[in-house]
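What follows is a short report on a single structure.
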Amino acid sequence: ADAAWEPYAPTYQSLDIGPENGPKVVYAELMDAFGNVQPASIAYPQDNIIFDTEPPLEGSLIIDDSEGFTNTGTIQLNIGVFDHLCPTNDIEMRFAVNGISLGSWMDFTSSHTLDFCNGSCPPEGEVVIEVRFRDAAGNESDIAANDVTVYDTTLTLQAFNIETDWCPSNCHINNPSP
């Protein structure tokens, strides 16, 4: 587009590239002190950028093979995300448990093993696993979440003899046939 000529500066802080998200080509025409404009036969200095103000969309988080229960703090996650302006290899993710962040941003992967105890497991009951995504422009997604119920990890089952341990004398044990 036609713009007013400005004095040369090695950096330019403000450029209106329009409100639409998407790829843009930014270039500069140069004019010398005598008013000669750089000929079209010489390539203009230019750069390709992606103007992106939208966060990643359609984030998903699926707890794999747990049926919603675990007695350890380690679970396998299947993760999905879509951003129409940013390839997934430029997207980062960060996890949280019950709203408490588990660390810094990491590169997106579609499968991740998460140790949500991080040193100490939450109490027995429902735990909400959350993931948030960030694209290369720094836009953060809404939270994608899934629930898992934590069994009591300290519970151990011990074998006992019903006749001697539970009913030591004068008991009738009904053992129906299968």
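The values are calculated or read from the model by the stated rules, or taken from the named source; none is laboratory data. Since we're looking at a predicted model, the values are computed, not measured. Because the Cβ atoms are built from the backbone with ideal geometry, glycine has one as well, and the counts that use them run over all protein chains shown. These accessible areas exclude ligands, DNA and RNA; they are computed on the full protein's heavy atoms, side chains included. Shrake-Rupley method; radii C 1.70, N 1.55, O 1.52, S 1.80 Å.
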Is it the case that Leu15 is modelled with pLDDT of 85 or more and in a loop (DSSP other than H, G, I, E, B)?
no
Subset of the stretch 59-74 that is within 27 Å of Thr88 (Cα to Cα) and of a type in the set (S, T, N, Q) - its residue that is modelled with the highest pLDDT
Ser60
Report, by residue number, each residue of the stretch 82-96 that is in contact with a strand residue (DSSP E or B) (Cβ under 6 Å, 6 or more places away or on another chain) and not charged (D, E, K, R).
Phe82, Leu85, Ile91, Met93, Phe95, Ala96
Quick check on Ile62: is it open to solvent by 90 Å² or more (accessible area, probe 1.4 Å), touching a residue at least 40 places away in the same chain (Cβ under 8 Å) and within 18 Å of the chain's Cα centre (by Cα)?
yes
Being closer than 19 Å to Asn146 by Cα, at pLDDT 80 or above, within 21 Å of the chain's Cα centre (by Cα) and surrounded by 13 or more Cβ atoms within 10 Å (Cβ to Cβ), is that true of even one residue in the stretch 41-53?
no
Name, by its number, the condition in (1) at pLDDT below 60; (2) open to solvent by 60 Å² or more (accessible area, probe 1.4 Å) that does not hold for Ser120.
(1)
Subset of the stretch 80-102, residues assigned to a strand (DSSP E or B), within 20 Å of Glu54 (Cα to Cα) and open to solvent by 10 Å² or more (accessible area, probe 1.4 Å), comes to Gly80, Val81, Phe82, Glu92, Arg94
Across the stretch 18-28, what is the number of residues that are out of contact with any Pro (no Cβ under 9 Å at 6 or more places or on another chain) and either in a loop (DSSP other than H, G, I, E, B) or open to solvent by 80 Å² or more (accessible area, probe 1.4 Å) (or both)?
6
